[in-house]
Amino acid sequence: MLRTLLLIATSIILTSCASSPSCNKHPTLTWANTTSIDADIRQLTRAEMAGRKTGTAGAALTRSYLEKRFKQIGIQPWQGQYQHPFNYRSGFSDKLGINMIGVVPSTTDSNRWRIVIAHYDHLGGQGKRYYPGADDNASGVAGLLQLAERATKQSSEVNLLFVATDAEEPGLYGGYALAEQLGINSTVPQIAQIELAINLDMIGRPNRHKAIYIEGSRRFKKFAAIRKQITQENQLCIRTQQPKTFDGSVIATDFLRASDHYPMHKVGIAWLYFGVPVHRDYHQKTDTVDKIDINFIAAVSESAYQLLKIDSLLLQNYH
């Protein structure tokens, strides 16, 4: 999640919406591979990755691993390559980031597209003192890989773009680079062809409600029907309003601008953001794999995947 979260002081105590009637704190798993999820997170949080900070050797090692996984899964390179460099300016310096992008084409001719996004960068570090970023956001990347692998094994009427973004932490730069690239006339897909962007950012540390929190739902006129479809198989708990922060304060996070769905929002792409509430290990060296709920990531992945095959008519009621 964005390192410089926009915090808004408020005197309103945020309360969570009621869970769906079928909410299950121990959701049923059908196809997600918990062994693979665990292995991906462990690899992404290894000391060699050194916190995956943009522009470092650890980030390069992360890209090598992701490219290997993309090829293993069967994701095709986008526009002829997996790595998509971009330039950005931060701290009075020109810097380079690299998004990792792959495609799973539709099984029938289609000009409809959906996107899955998860940022792979984190805060870096040195030696044994590094930020593992297990939840932020190795968990989201592991979920993205699960969705991609499932997509390669299923027929689909829409084209799917899988994007592991870079430089999210310093300012959503990878997301903005993606939005800019999609706005180029020669790019496929065009922004108008994209029905939905799904952003997975911190999906591995559920709170006591064992719920995944989904932002952006209020923009869908038929979200009740969407919610029913994404929970009908596993009865995963879903909430659509974030609770108070972990320390009980009344400081609320601006979740619209908190992650890579915001650049999609700014160019008019419909989006849904999956994440858990901020916890005590957020942006700490204690955000480690041993604290991750692998089964929960699996359940979130299975629910999010439903959005890749849901009827387009439900998504068209976006405002």
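The values are calculated or read from the model by the stated rules, or taken from the named source; none is laboratory data. Since we're looking at a predicted model, the values are computed, not measured. Here Cβ is always computed from backbone atoms with ideal geometry, including for glycine, and neighbour counts include all displayed protein chains.
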**Request:** Filter region 51-76 down to residues that are over 19 Å from the mean Cα position of the chain (by Cα) and not aliphatic (A, V, I, L, M), then give me how many there are.
**Result:** 9
**Fill in**
Only one of (1) modelled with pLDDT of 95 or more; (2) buried (at least 19 other Cβ atoms within 10 Å of the Cβ); (3) part of a loop (DSSP other than H, G, I, E, B) does not apply to residue 213, and that is (3)
**Item:** Count - residues of region 287-305 that are assigned to a helix (DSSP H, G or I), under 19 Å from residue 26 (Cβ atoms) and not hydroxyl-bearing (Ser, Thr, Tyr)
**Value:** 10
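Residue by residue, here is whether (1) acidic (Asp, Glu); (2) under 11 Å from residue 148 (Cβ atoms); (3) touching a residue at least 12 places away in the same chain (Cβ under 8 Å) holds:
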{"position": "67", "(1), (2), (3)": "yes, no, yes"}
{"position": "88", "(1), (2), (3)": "no, no, yes"}
{"position": "92", "(1), (2), (3)": "no, no, no"}
{"position": "97", "(1), (2), (3)": "no, no, yes"}
**Request:** Name the residue, out of 202, 264, that is crowded, with 23+ Cβ neighbours inside 10 Å and farther than 25 Å from residue 41 by Cα.
**Result:** 264
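A quick yes/no check of all residues on (1) part of a helix (DSSP H, G or I); (2) buried (at least 21 other Cβ atoms within 10 Å of the Cβ); (3) out of contact with any helix residue (DSSP H, G or I) (no Cβ under 7 Å at 6 or more places or on another chain); (4) of a type in the set (Asp, Glu):
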{"site": "162", "(1), (2), (3), (4)": "no, yes, no, no"}
{"site": "171", "(1), (2), (3), (4)": "no, no, yes, no"}
{"site": "177", "(1), (2), (3), (4)": "yes, yes, yes, no"}
{"site": "181", "(1), (2), (3), (4)": "yes, no, yes, no"}
**Complete:** Result of the Cβ filter at 9 Å on region 280-308, keeping first residues that are more than 17 Å from residue 141 (Cα to Cα) and partners that are among the hydroxyl-bearing types (Ser, Thr, Tyr), at least 6 apart or interchain, is 280/286; 281/288; 284/131; 285/130; 285/131; 306/231
**Asked** In region 30-44, how many are surrounded by fewer than 23 Cβ atoms within 10 Å (Cβ to Cβ) and within 20 Å of the chain's Cα centre (by Cα)?
**Response** 9
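Yes/no matrix, rows are residues, columns are (1) surrounded by 21 or more Cβ atoms within 10 Å (Cβ to Cβ); (2) at pLDDT below 95; (3) not in a loop (DSSP other than H, G, I, E, B):
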| position | (1), (2), (3) |
| --- | --- |
| 247 | no, yes, no |
| 252 | no, yes, yes |
| 274 | yes, no, yes |
| 285 | no, no, no |
**Request:** Would you kindly identify the strands (runs of 3 or more DSSP E) lying entirely within region 67-131 that contain at least 2 residues that are small (Gly, Ala, Ser)?
**Result:** 93-104
**Fill in**
Among (1) surrounded by fewer than 21 Cβ atoms within 10 Å (Cβ to Cβ); (2) among the charged types (D, E, K, R); (3) modelled with pLDDT of 95 or more, residue 3 falls short only on (3)
**Message:** When you scan region 140-160, do you find a residue that is assigned to a helix (DSSP H, G or I) and farther than 26 Å from residue 74 by Cα, even just one?
**Reply:** no
